[in-house]
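Every number in this text was worked out from the coordinates using simple rules, so none of it is lab data. Owing to the predicted nature of the structure, the values given are computational and were not obtained by experimental measurement. Positions of Cβ are generated from backbone atoms using ideal geometry, with glycine treated the same way; all protein chains shown enter the neighbour counts.
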Amino acid sequence: DLIERHVKKRVNWKKDGAEMVLIPAGSFEMGDENITYAHPVHLVRLDPFYMDIREVTVKQFKKFVQESGYTYNHWDDVPKYSPTDQHPMIYVDWYQAMEYAKWAGKRLPTEAEWEYAARGGLVRKQYPWGDEISHDTANYAGIGGKDIWDENTAPVGSFEPNGYGLYDMAGNVHEWCLDVFDPTFYSQVTKKNPIAGHLSIEEIISNYNKDIVPARVLRSGAWTYSKCYVSVAYRDYANTDHRFNTGGFRCVSG
């Protein structure tokens, strides 16, 4: 208890300047019986971790490239859909997201960590704030209310955060996870700190640049997606070398 009281609930990560929030250890019901690949619903227990409260921005990715010397060849595409430094970084494949996370001293979240964080402490709800969605709460297909971005991403943090203080956990951009996409994983998943396709988080991080498994998990849906595809339980995926105008990420530590 003494240690727990001294744990900071929010930190500013020195390397990339990201604000992170502590996601407490706990259990939750992962999945949704009504969503393809998201069943059966199962109980998962997770250790605590810190998560970026916002998606990685164009500004942060530029800093990574400048400081690390990393070669990124798609800058001409980014401003078409993320026009300012405060918009989420896009056109980033899984390997590039992993490179950024390594530089920052962080990592990508597991799929279970992502869903647990997105739920914000709520139980059996479709979205980070409840069961109803509108354009006042997220950037998804179409416009209305606060959502004025019909043909591009919204600046990060344009809508209210969830119960854990996380922004844009529904819509705006897809977010890469560590896990291999396995459509049957929920029927065989371990109950504590699960991860698909690998023995451990450490094994992924130490071998990611040798990886040949094509598909990785994407979460959150995106600004082009209809409301049913931006729910907290919806599972998507893409090949590890795929870059697209709806694809971004955020990092965790722990």
Please go through segment 53-82 and pick out each residue that is within 17 Å of the chain's Cα centre (by Cα), of a type outside the set (Ser, Thr, Tyr) and more than 17 Å from residue 94 (Cβ to Cβ). 53, 54, 58, 60
Residue list for segment 178-189, restricted to those being surrounded by 13 or more Cβ atoms within 10 Å (Cβ to Cβ) and more than 23 Å from residue 98 (Cβ to Cβ): 186
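Could you pull out the residue among 44, 92 that is in contact (Cβ under 8 Å) with a residue 12 or more places away in the chain, assigned to a loop (DSSP other than H, G, I, E, B) and closer than 18 Å to residue 217 by Cβ? I'd like the intermediate steps shown before the answer.
Numbers: 44 fails: assigned to a loop (DSSP other than H, G, I, E, B).
The match here is 92.
Regarding residue 193, is this residue surrounded by 19 or more Cβ atoms within 10 Å (Cβ to Cβ) and more than 17 Å from residue 96 (Cα to Cα)? Full working, then the answer.
Working: surrounded by 19 or more Cβ atoms within 10 Å (Cβ to Cβ): no; more than 17 Å from residue 96 (Cα to Cα): yes.
Criteria not met by residue 193.
With respect to residue 50, is the statement that it is in contact with a helix residue (DSSP H, G or I) (Cβ under 8 Å, 6 or more places away or on another chain), among the hydroxyl-bearing types (Ser, Thr, Tyr), surrounded by 15 or more Cβ atoms within 10 Å (Cβ to Cβ) and in contact (Cβ under 8 Å) with a residue 60 or more places away in the chain true?
Details: in contact with a helix residue (DSSP H, G or I) (Cβ under 8 Å, 6 or more places away or on another chain): no; among the hydroxyl-bearing types (Ser, Thr, Tyr): yes; surrounded by 15 or more Cβ atoms within 10 Å (Cβ to Cβ): yes; in contact (Cβ under 8 Å) with a residue 60 or more places away in the chain: yes.
So residue 50 does not fit the description; no.
Could you tell me whether segment 126-149 includes any residue that is in a strand (DSSP E or B), among the acidic types (Asp, Glu) and either under 22 Å from residue 30 (Cα atoms) or touching a residue at least 60 places away in the same chain (Cβ under 8 Å) (or both)? Walk me through it before giving the result.
Going through segment 126-149, the residues in a strand (DSSP E or B) turn out to be 127, 130, 144, 147.
Checking which are among the acidic types (Asp, Glu) leaves us with 147.
Applying the additional criterion that residues be either under 22 Å from residue 30 (Cα atoms) or touching a residue at least 60 places away in the same chain (Cβ under 8 Å) (or both) yields none.
No; the residues of segment 126-149 include none that is in a strand (DSSP E or B), among the acidic types (Asp, Glu) and either under 22 Å from residue 30 (Cα atoms) or touching a residue at least 60 places away in the same chain (Cβ under 8 Å) (or both).
With the condition kept exactly as written, say whether any residue in segment 39-48 is within 20 Å of residue 241 (Cβ to Cβ) and under 21 Å from the mean Cα position of the chain (by Cα).
Looking only at segment 39-48, we keep the residues that are within 20 Å of residue 241 (Cβ to Cβ), and these are none.
For segment 39-48, residues within 20 Å of residue 241 (Cβ to Cβ) and under 21 Å from the mean Cα position of the chain (by Cα): absent.
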In segment 71-83, is there at least one residue being more than 19 Å from residue 238 (Cβ to Cβ) and small (Gly, Ala, Ser)? no
Checked segment 174-199 for anything in contact with an Asp or Glu (Cβ under 9 Å, 6 or more places away or on another chain) and part of a helix (DSSP H, G or I); matches are 185
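If you take the residues in segment 200-254 that are among the aromatic types (Phe, Trp, Tyr) and not in a loop (DSSP other than H, G, I, E, B), which one is surrounded by the most Cβ atoms within 10 Å (Cβ to Cβ)?
Top of the filtered list is 237.
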Pairs with Cβ under 9 Å, 6+ apart, first in segment 60-89 and without any contact (Cβ under 8 Å) to a residue 60 or more places away in the chain, second exposed (fewer than 12 other Cβ atoms within 10 Å of the Cβ): 65/71
Looking at segment 203-229 only, could you name the residues that are under 12 Å from the mean Cα position of the chain (by Cα) and closer than 25 Å to residue 136 by Cβ? 218, 219, 220, 221, 222
How many residues does segment 172-229 contain that are at positive phi and either of a type in the set (Asp, Glu) or in contact with a Pro (Cβ under 9 Å, 6 or more places away or on another chain) (or both)? 1
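Scanning segment 7-24 for residues that are part of a loop (DSSP other than H, G, I, E, B) and surrounded by 13 or more Cβ atoms within 10 Å (Cβ to Cβ), which turns out nearest to the chain's Cα centre (by Cα)?
The first filter runs over segment 7-24 and keeps only residues part of a loop (DSSP other than H, G, I, E, B), leaving 7-9, 13-18, 24.
Within this subset, residues satisfying the condition of being surrounded by 13 or more Cβ atoms within 10 Å (Cβ to Cβ) are 13, 15-16, 18, 24.
Working: 13: 17, 15: 19, 16: 17, 18: 14, 24: 17 Å.
The qualifying residue nearest to the chain's Cα centre (by Cα) is 18.
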Scan (1) more than 28 Å from residue 76 (Cα to Cα); (2) among the small types (Gly, Ala, Ser); (3) surrounded by fewer than 23 Cβ atoms within 10 Å (Cβ to Cβ); (4) within 18 Å of the chain's Cα centre (by Cα) for the single condition residue 105 breaks and write down its number. (1)
Any pair with Cβ under 7 angstrom, 6 or more apart, that starts in segment 161-181 at a residue that is touching a residue at least 40 places away in the same chain (Cβ under 8 Å) and aromatic (Phe, Trp, Tyr) and ends at one that is surrounded by 24 or more Cβ atoms within 10 Å (Cβ to Cβ) and in a loop (DSSP other than H, G, I, E, B): 167/156; 176/108; 176/249
